[in-house]
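Presented below is the structure to which this report refers.
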Amino acid sequence: MCGIVGYIGPKSVVPVIIEGLRRLEYRGYDSAGIAVGGSPDTPDQLELRRAPGKLRNLEAVIAASPIHGTFGIGHTRWATHGRPTEENAHPHRDGTGTLVVVHNGIVENYLALKQALIAKGHTFQSETDTEIIAHVIQDELELASQTTLSSFAAGGGPASRTLDANESESVLTSQAPERITLDEAVRRAVKRLTGAFAIGVLSAHSPDTLVAARMGPPAVIGIGEGEFFLASDVPGILHHTRNIHFLQDGEVAVLTTSGVTLTDFDNNPLPLKIQRIAWDPIQAEKAGYKHFMLKEINEQPRAVRDTTLGRVSLDTGHVFLPDMLITAEEFRTCTGITIAACGTSWHSGLAGKFMIERLARLPVDVDYASEYRYRDPIPDATMLGLLITQSGETADTIAAQQELIRKGSKTLAICNVVGAAITRAAQGTITTNAGPEIGVASTKAFTAQLTALFLFALYLAQQRGTVTDAESLHYVTELSKIPGKLEEILRAVDDQCAKLAKMFSTSNDFLFLGRGIHYPIALEGALKLKEISYIHAEGYP
Ligand code: GLU
């Protein structure tokens with residue numbers, strides 16, 4: 001997903017971060033923010049500026065209310081939890097307001113953590129999963145100090161106890177509240193998170209320190225001359241340094257003015273593996289791939305994983321689809337589903353028909369969204385409309401949604417952009433969490449749509465009692481293996497694909513054949529070839 005840039009060094013922090021975020025703009029985003037510490041005017045505070053929309057909005061906010069500092073962190077957000085508003089933009093603060101976090105990814109167990117923290121008195125300002133991370137770190141800092149204080153109290157405390165002559169000093173020191181460092185608090189906190197995260201953390205109490213941790217989304221550490229960088233991707237810092245450590249899953253990096261130290265989540269030291277990056281900036285945007293489509297094809301495992309994250313229980317096989325304004329009773333008594341979509345999304349809808357009919361035993365019609373309103377369709381209040389669109393702004397799909405609503409059906413959306421137009425009129429949304437797609441031909445967004453449709457089909461089946469618990473568990477277990485299988489296949493067929501492409505490069509006509517659920521896949525394959533090569537192709541049952 002989107003962008004993180006952090007900096008510690010002698011240069012002016014704000015321009016370094018804004019310029020870095022600008023170089024990550026190709027990754028797509030919906031809002032942006034920055035936090036800096038070490039300002040001469042407010043040395044014990046972090047200054048925060050955030051704005052929805054483009055980076056220039058953030059720059060306007062900073063111009064109106066300037067900030068300076070010696071260390072800082074910035075973020076461009078691609079929303080997964082909560083609309084793209086200023087309140088939901090990163091960085092997010094902890095409850096004391098002295099610690100901030102930026103995050104790429106999804107905290108799967110954020111609701112459970114949030115409830116536990118609310119019970120402890122924490123209050124939250126945003127709808128994001130990210131804000132929870134800041135509070136969990138705060139909680140770890142507080143737990144550490146309380147641990148020794150309470151054992152102190154259990155032992156009677158200094159007031160109720162006479163010290164032996166020779167124990168006074170040592171007892172008092174050993175019983176002083178535990179002070180853990182920011183990085184130790186981060187290490188303890190990340191162990192409580194499940195899901196996917198690349199984070200950057202700053203605290204006003206730890207000047208000139210930037211802590212980063214990774215589990216899933218990419219993050220890199222840049223080593224310059226007396227300056228150090230954190231970024232979600234190489235292009236954000238390539239113009240400052242070519243010496244890069246690619247942060248690995250399970251690593252925590254601590255950046256200070258004197259260097260970078262690396263540990264695992266248990267504080268075991270790890271060596272930095274610095275690589276010299278030879279890519280030019282254009283290559284760097286594509287992570288070394290020849291073009292965006294190839295990069296995005298290789299991002300499919302992550303897209304499927306992120307679409308499934310937090311929505312299934314691997315213990316019970318249950319599917320959870322939060323924020324549904326359609327009741328279990330409505331799902332039970334529903335008499336049919338109309339899917340409306342265009343292009344690639346229409347193909348995923350055709351595949352969805354197989355999944356929903358098979359699992360939930362409910363008739364499904366799949367309509368081309370641009371045609372739907374021209375044929376006087378007959379949906380009603382007992383039927384559901386399901387709209388599929390990557391952007392959530394496809395005009396024809398929105399028009400089909402309006403027609404469904406006009407005829408009394410409730411609608412659901414499968415969409416890759418939180419808060420997009422289609423989601424605002426829908427009674428529920430399943431976001432695909434594929435991240436921005438830059439290649440013209442849809443790849444990872446299509447795979448993520450299929451994943452979302454499968455989740456929806458299974459959810460519906462569970463509401464309607466058309467699958468047993470054992471079957472549910474089986475399906476969810478198999479679904480959880482798909483990202484790994486995709487990775488394996490992508491690795492295994494790379495050379496073969498190149499050979500086949502060469503062999504067929506002079507052919508003029510292609511037929512893609514598929515039976516059953518593979519027929520829509522054949523249609524999608526043909527569409528892909530046409531879009532990319534302008535070679536005639538057809539999908540055929
Ligand atoms: N899940 C987080 C949010 O919705 C992070 C999104 C991102 O990676 O930008 O704020």
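Scanning the stretch 112-152 for residues that are farther than 18 Å from residue 311 by Cβ and either among the basic types (Lys, Arg) or not in a helix (DSSP H, G or I) (or both) returns 120, 121, 122, 123, 124, 125, 126. Residue 24 meets all of the listed conditions (1) buried (at least 20 other Cβ atoms within 10 Å of the Cβ); (2) under 20 Å from residue 211 (Cα atoms); (3) within 16 Å of the ligand (Cβ to nearest atom) but one, namely (2). Go through the residues of the stretch 420-428 one by one and say whether even a single one is open to solvent by 20 Å² or more (accessible area, probe 1.4 Å), modelled with pLDDT of 95 or more and closer than 18 Å to residue 317 by Cβ. For the stretch 420-428, residues open to solvent by 20 Å² or more (accessible area, probe 1.4 Å), modelled with pLDDT of 95 or more and closer than 18 Å to residue 317 by Cβ: absent. Among the residues making up the stretch 197-208, a single one is open to solvent by 10 Å² or more (accessible area, probe 1.4 Å) and either closer than 24 Å to residue 239 by Cβ or under 11 Å from the mean Cα position of the chain (by Cα) (or both): 208. The listed residues are 332, 311, 302, 358, and the only one of them that is more than 30 Å from residue 72 (Cβ to Cβ), among the basic types (Lys, Arg) and within 27 Å of the chain's Cα centre (by Cα) turns out to be 311.
Filter the stretch 306-323 down to the residues that are closer than 14 Å to residue 458 by Cβ and in a loop (DSSP other than H, G, I, E, B) and list them by number. Residues satisfying the conditions are 311, 313, 314, 316, 317, 318, 320, 321. Of all residues in the stretch 73-126, those that are open to solvent by 10 Å² or more (accessible area, probe 1.4 Å), farther than 26 Å from residue 21 by Cα and among the hydrophobic types (A, V, I, L, M, F, W, C) total 7.
Within the stretch 72-89, can one find any residue that is within 10 Å of the ligand (Cβ to nearest atom), among the polar types (S, T, N, Q), within 21 Å of residue 192 (Cα to Cα) and touching a residue at least 12 places away in the same chain (Cβ under 8 Å)? Yes, the stretch 72-89 contains a residue that is within 10 Å of the ligand (Cβ to nearest atom), among the polar types (S, T, N, Q), within 21 Å of residue 192 (Cα to Cα) and touching a residue at least 12 places away in the same chain (Cβ under 8 Å).
Picking from residues in the stretch 2-21 that are part of a loop (DSSP other than H, G, I, E, B) and open to solvent by 30 Å² or more (accessible area, probe 1.4 Å), the one that is farthest from the ligand (Cβ to nearest atom) is 10.
Of the residues 337, 277, 297, 326, the single one that is more than 30 Å from residue 425 (Cα to Cα), over 25 Å from the mean Cα position of the chain (by Cα) and buried (at least 16 other Cβ atoms within 10 Å of the Cβ) is 277. On inspection, residue 134 does not qualify as farther than 19 Å from residue 230 by Cα, open to solvent by less than 20 Å² (accessible area, probe 1.4 Å), in contact (Cβ under 8 Å) with a residue 40 or more places away in the chain and not basic (Lys, Arg).
Residue-wise test of (1) open to solvent by 20 Å² or more (accessible area, probe 1.4 Å); (2) in contact (Cβ under 8 Å) with a residue 60 or more places away in the chain; (3) in contact with a Cys (Cβ under 6 Å, 6 or more places away or on another chain); (4) assigned to a helix (DSSP H, G or I).
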residue: 433; (1), (2), (3), (4): no, yes, no, no
residue: 439; (1), (2), (3), (4): no, yes, no, no
residue: 451; (1), (2), (3), (4): no, yes, no, yes
residue: 454; (1), (2), (3), (4): yes, yes, no, yes
residue: 458; (1), (2), (3), (4): no, yes, no, yes
residue: 462; (1), (2), (3), (4): yes, yes, no, yes
residue: 466; (1), (2), (3), (4): yes, yes, no, no
residue: 476; (1), (2), (3), (4): no, yes, no, yes
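The values are calculated or read from the model by the stated rules, or taken from the named source; none is laboratory data. Just so we're clear, the structure is a prediction, and the values are computed from it rather than from any experiment. Cβ: placed from backbone, ideal geometry, glycine included. Neighbour counts: every protein chain shown. All accessible areas refer to the heavy atoms of the entire protein, side chains included, with ligands and DNA or RNA removed. Shrake-Rupley method; radii C 1.70, N 1.55, O 1.52, S 1.80 Å.
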